[in-house]
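Enquirer: Before I ask anything, here is the structure I am working with.
The values are calculated or read from the model by the stated rules, or taken from the named source; none is laboratory data. Predicted model only: the values in this text are computed from it and were never measured. Every residue, glycine among them, receives a Cβ derived from its backbone with ideal geometry; neighbour counts consider all protein chains shown.
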Amino acid sequence: MSRKVIIIGAGAAGLMAAGKAAERGLDVTVLEKNDRPGRKLRISGKGRCNITNNTDIEGLIRNIPGNGSFLYSSFYTFSNEDIMQFFRDEGLDLKIERGGRVFPVSDDARDVVSVLVRRAERLGAEIRYRSPVSSIEVSNGAVKGVTLKNSETIECDSVVLATGGASYPGTGSTGDGYRMAQKLGHTVTPLKPSLVPLIAAEKWVRDLQGLTLKNVSVTIYDRKRKKVYTDFGEMLFTHFGVSGPVILSASRHIMQYDYRDVFLSIDLKPALSPETLDARIQRDFEKYSRKQFKNSLDDLLPKKMIPVIVELSQIPADKPVNQITKAERRSLVSLFKGLTLEICGSRPISEAIVTAGGVSTDEIDPATMESRLIKGLFFAGEVIDVDGYTGGFNLTIAFSTGCVAGLHC
């Protein structure tokens, strides 16, 4: 009689674990509380699903600030190269984009979910939906089964806990796994939002709500003007502050500041030096020499941004362009090259892409993902205290740890 394995959660980590365990001939049942699999996976990468990153192992570790070294064994067992080959072998064509980001050619996350589900079921795993688990049952320090919220009990030899984190609770990531692990004596480190939109102190950001800036450079400074992080790309203004790819990446670097007392400087024209930008502004001022200052910036800025920049420049809006002084013009150049916001917080964990914190890595064997406290209990994915930057690193963690758990459960 084959060993019975219960996998809690049909997300990226759980489905990968299910396929690997079923491939070994085990009796595998996946219990998913939602009515369909991969709810969070379906919306990852704006619905395109950034599967992994085309870097080397050291590159993966460098991009996982949350206990990256814990993952060496997992990555050498099932690397990003292995992940790419896994999906190609299942008929999913992949492409590599800027920064090594790997996506399905279809740009459809649903195709990734389909591959994982189809493979697990083809190998004999059963996936049960609308089956929330309330607790993991243990006897004499070893797993003996699970109890569902409808009071049904299922005996098993091992459990893989792959319930995700506490971000995007609408997808089912509501922190269930943390509660189950704590109940069994595991330490859960403090949970914090990671890859999360940031709140700005300045009121004028509301006037820019919905405005996307592309090809800008952003730099985060602390109160002592020490540079914390810099990046280039796309960002978005919101009613509360800022979001978008470069902001989400920046947020992980300021977690240790509790998302407060740091400053975001935006270079609106990173391709131009201050001198080149000044010359460009002078040309525009000549072109619009008979206009007022507020009507002279159309060629340089998005329309929505002009009133904000005019106000922040302290140059009178109705001042004729041909009367603007050299000092005022240089002040305008500085504003273009360093539009600064004070960051005073982050949005809640429910709006974060990833949860930082989780089941302590000190209590998990990195070679097998098995609990050091409970025999037969395994962990995979975001429920573990590991987290990475944007760029496919968090899904790499999910697939890799899911594979390892599936190979050893």
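Enquirer: Mind listing just one residue for me: the one in the range 359-373 that is outside any helix (DSSP H, G or I) and surrounded by fewer than 20 Cβ atoms within 10 Å (Cβ to Cβ) and, of those, nearest to the chain's Cα centre (by Cα)?
Expert: The qualifying residue nearest to the chain's Cα centre (by Cα) is SER360.
Enquirer: Moving on to the next point. In the range 146-163, which residues are of a type outside the set (Ser, Thr, Tyr) and under 28 Å from GLY357 (Cβ atoms)?
Expert: The answer is VAL146, LEU148, LYS149, CYS156, VAL159, VAL160, LEU161, ALA162.
Enquirer: In the range 60-79, how many are touching a residue at least 24 places away in the same chain (Cβ under 8 Å) and over 17 Å from the mean Cα position of the chain (by Cα)?
Expert: Total meeting the criteria: 9.
Enquirer: Need pairs with beta-carbon distance below 6 Å; first residue under 17 Å from PRO37 (Cβ atoms) and within the range 146-168, second among the aliphatic types (A, V, I, L, M) and part of a loop (DSSP other than H, G, I, E, B); sequence gap 6+ or separate chains.
Expert: What qualifies is VAL160/ALA380; ALA162/ALA380.
Enquirer: May I ask you to say which residue of VAL383, VAL404 is in the same structural domain as ARG98 (by TED's automatic domain parsing), in contact with a Leu (Cβ under 7 Å, 6 or more places away or on another chain) and buried (at least 24 other Cβ atoms within 10 Å of the Cβ)?
Expert: VAL383
Enquirer: A further question on this structure: Quick check: anything in the range 102-109 within 18 Å of GLY9 (Cβ to Cβ) and part of a loop (DSSP other than H, G, I, E, B)? Reasoning before the result, please.
Expert: First pass over the range 102-109, keeping only residues within 18 Å of GLY9 (Cβ to Cβ): 109.
Still in the list and also part of a loop (DSSP other than H, G, I, E, B): none.
No: zero hits.
Enquirer: Just one of the numbered conditions (1) out of contact with any helix residue (DSSP H, G or I) (no Cβ under 6 Å at 6 or more places or on another chain); (2) within 30 Å of THR340 (Cβ to Cβ) is not true of ARG179; which one?
Expert: Only one criterion in (1) out of contact with any helix residue (DSSP H, G or I) (no Cβ under 6 Å at 6 or more places or on another chain); (2) within 30 Å of THR340 (Cβ to Cβ) is unmet by ARG179, namely (2).
Enquirer: Now a separate question. When the range 1-43 is examined, which residues are found to be part of a loop (DSSP other than H, G, I, E, B) and within 25 Å of the chain's Cα centre (by Cα)?
Expert: Hits for the range 1-43 are GLY9, ALA10, GLY11, GLU32, LYS33, ASN34, ASP35, ARG36, PRO37, GLY38.
Enquirer: Continuing with this model, one more query. Of the conditions (1) out of contact with any Asp or Glu (no Cβ under 9 Å at 6 or more places or on another chain); (2) surrounded by fewer than 24 Cβ atoms within 10 Å (Cβ to Cβ); (3) assigned by TED's automatic domain parsing to the domain that holds VAL113, THR396 fails just one. Which one is it?
Expert: (2)
Enquirer: Take the residues of the range 19-61 that are charged (D, E, K, R) and touching a Phe, Trp or Tyr at 6+ places or on another chain (Cβ under 9 Å): which is surrounded by the fewest Cβ atoms within 10 Å (Cβ to Cβ)?
Expert: As a first pass, look at the range 19-61 and keep what is charged (D, E, K, R): 20, 23-24, 27, 32-33, 35-36, 39-40, 42, 46, 48, 56, 58.
With the extra rule that they be touching a Phe, Trp or Tyr at 6+ places or on another chain (Cβ under 9 Å), the set shrinks to 20, 32-33, 35-36, 39-40, 48.
Numbers: LYS20: 26, GLU32: 26, LYS33: 20, ASP35: 9, ARG36: 14, ARG39: 20, LYS40: 22, ARG48: 17.
Of everything passing the filter in the range 19-61, ASP35 is surrounded by the fewest Cβ atoms within 10 Å (Cβ to Cβ).
Enquirer: Mind counting the residues in the range 46-64 that are assigned to a helix (DSSP H, G or I) and either within 11 Å of ASN80 (Cβ to Cβ) or β-branched (Val, Ile, Thr) (or both)?
Expert: Filtering the range 46-64 for residues assigned to a helix (DSSP H, G or I) gives 46-47, 57-62.
Those left that are additionally either within 11 Å of ASN80 (Cβ to Cβ) or β-branched (Val, Ile, Thr) (or both): 57, 59-61.
Residues meeting the conditions: 4.
Enquirer: Would you check if there is a residue in the range 345-358 being of a type in the set (Gly, Ala, Ser), within 13 Å of SER74 (Cβ to Cβ), under 20 Å from the mean Cα position of the chain (by Cα) and surrounded by 22 or more Cβ atoms within 10 Å (Cβ to Cβ)?
Expert: no
Enquirer: Looking only at the range 41-58, decide whether some residue is modelled with pLDDT of 95 or more, more than 20 Å from GLY388 (Cα to Cα) and in contact with a strand residue (DSSP E or B) (Cβ under 6 Å, 6 or more places away or on another chain).
Expert: Scanning the range 41-58 turns up no residue that is modelled with pLDDT of 95 or more, more than 20 Å from GLY388 (Cα to Cα) and in contact with a strand residue (DSSP E or B) (Cβ under 6 Å, 6 or more places away or on another chain).
Residue-by-condition table, conditions (1) in contact (Cβ under 8 Å) with a residue 24 or more places away in the chain; (2) of a type outside the set (A, V, I, L, M, F, W, C):
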residue	(1), (2)
TYR259	yes, yes
ILE266	yes, no
GLN314	no, yes
LEU332	yes, no
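Enquirer: If I ask for residues that are out of contact with any strand residue (DSSP E or B) (no Cβ under 8 Å at 6 or more places or on another chain), loosely packed, with under 14 Cβ neighbours inside 10 Å and under 19 Å from GLY391 (Cβ atoms), which ones from the range 92-150 would you list?
Expert: Correct list: ARG98, ASP107.
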